[in-house]
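Engineer: Take this structure, written in structure tokens, and hold onto it; I'll ask about it next.
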Amino acid sequence: MLRHWREAVPDDRIAHLVKDATRALVRALQTRLSDHSVSFGHWAFLRILWVRDGLTQRQLSDEAGVMEPTTVTAIRAMEELGYVSRRQLPENRKNIYVYLTPKGRSLEGKLVPMAEEVNHVALAGVSGRDAKTARAVLMAMIENLAKQEQV
């Protein structure tokens, strides 16, 4: 893959470069997560719940940017693994709320450092200034594309 980017198509579109970088980052994280029997699909939901526990399934779908059936399937699997529990509140029997279990909460201390390690590995040899610039460029791209979607 590296030869492709350096020699074959050095001026290829930025979207392809970002896609390949994303794939490499995802593979690196998936490998580490699998050592703890956590799927990459569960990672996004765990990250969200570590910040805001007790969200509805719909809120989780929105936060993760996935369709509700995908969320329901993932949450059921995570419930079977003992990472989350689903509850209805007495005052609102319509919504199902998702809460981390102690087991799900304890994964944060194990998994977050691994994600940080992937970032560290990915940025090895990149100056702090260049990393800051890369973040700024990627954020600008995300914002520009989000604005364009709203039109």
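Engineer: Simple spin-label model, 7 Å along Cα-to-Cβ: ARG87 to THR133 in nm?
Structural biologist: 5.1
Engineer: Less than 17 Å apart at the alpha-carbon level, and either on another chain or at least 8 residues along: which aspartates and glutamates does that give for LYS132?
Structural biologist: The reachable aspartates and glutamates, counting only those whose Cα sits under 17 Å from LYS132, are GLU116, GLU143.
Engineer: Let me ask something else about it. Output wanted: per-residue J couplings in Hz (rounded whole) for the stretch 135-142, from phi through Karplus 6.51 cos²θ - 1.76 cosθ + 1.60, θ = phi - 60°, x for Gly and Pro.
Structural biologist: The phi angles translate into 4, 5, 5, 5, 4, 4, 4, 4 Hz.
Engineer: While we're looking at this one, here's another question. What is the set of long-range amide H partners of THR56 at a cut-off below 5 Å, with H atoms built 1.01 Å from backbone N?
Structural biologist: VAL98
Engineer: Now for a separate question. Between (i) 54, 24, 17; (ii) 47, 37, 31; (iii) 60, 42, 27, which matches Cα extents along the principal axes in Å calculated for the structure shown?
Structural biologist: (iii)
Engineer: Evaluate E = 1/(1 + (r/R0)^6) for ILE96 and SER37, where r is the Cβ-Cβ distance and R0 equals 25 Å; express this FRET efficiency to the nearest 0.05.
Structural biologist: 0.50
Engineer: Using only alpha carbon pairs under 8 Å that are at least six residues apart, calculate the relative contact order of the chain and give it in whole percent.
Structural biologist: The value is 19 percent.
Engineer: On to the next question. What's the local net charge at GLY104, with K and R +1, D and E -1, over the other residues with C-beta under 11 Å away?
Structural biologist: In short, -1.
Engineer: Nearest 10 degrees is fine. How inclined is helix 14-34 to the longest principal axis of the chain, computing both from alpha carbons?
Structural biologist: It works out to around 50 degrees.
Engineer: Quick one: which residues, 5+ away or cross-chain, put their amide H under 5 Å from the amide H of VAL84? H built at 1.01 Å from N.
Structural biologist: Those qualifying (amide H under 5 Å, at least 5 residues apart or on another chain) are GLU79, THR101.
Engineer: Let me ask something additional. For the chain, what does -39500 (n - 2.57) per DSSP helix run (n ≥ 4), summed and divided by total residues, give at 222 nm, in deg cm²/dmol to the nearest 500?
Structural biologist: That comes out to -21500 deg cm²/dmol.
Engineer: Tell me, what HN-Hα J-couplings in whole Hz come from the Karplus equation 6.51 cos²θ - 1.76 cosθ + 1.60 at θ = phi - 60° for each residue of the stretch 108-122, using x for Gly and Pro?
Structural biologist: 4, x, 8, 8, 4, x, 5, 5, 5, 4, 4, 4, 4, 4, 4
Values quoted throughout were computed directly from the atomic coordinates according to the rules given, and no laboratory measurement underlies them. All of these numbers come straight from a predicted model, not from anything done at the bench. Quick reminder, even Gly has a Cβ in these numbers, built from the backbone with ideal geometry, and neighbours come from all protein chains shown.
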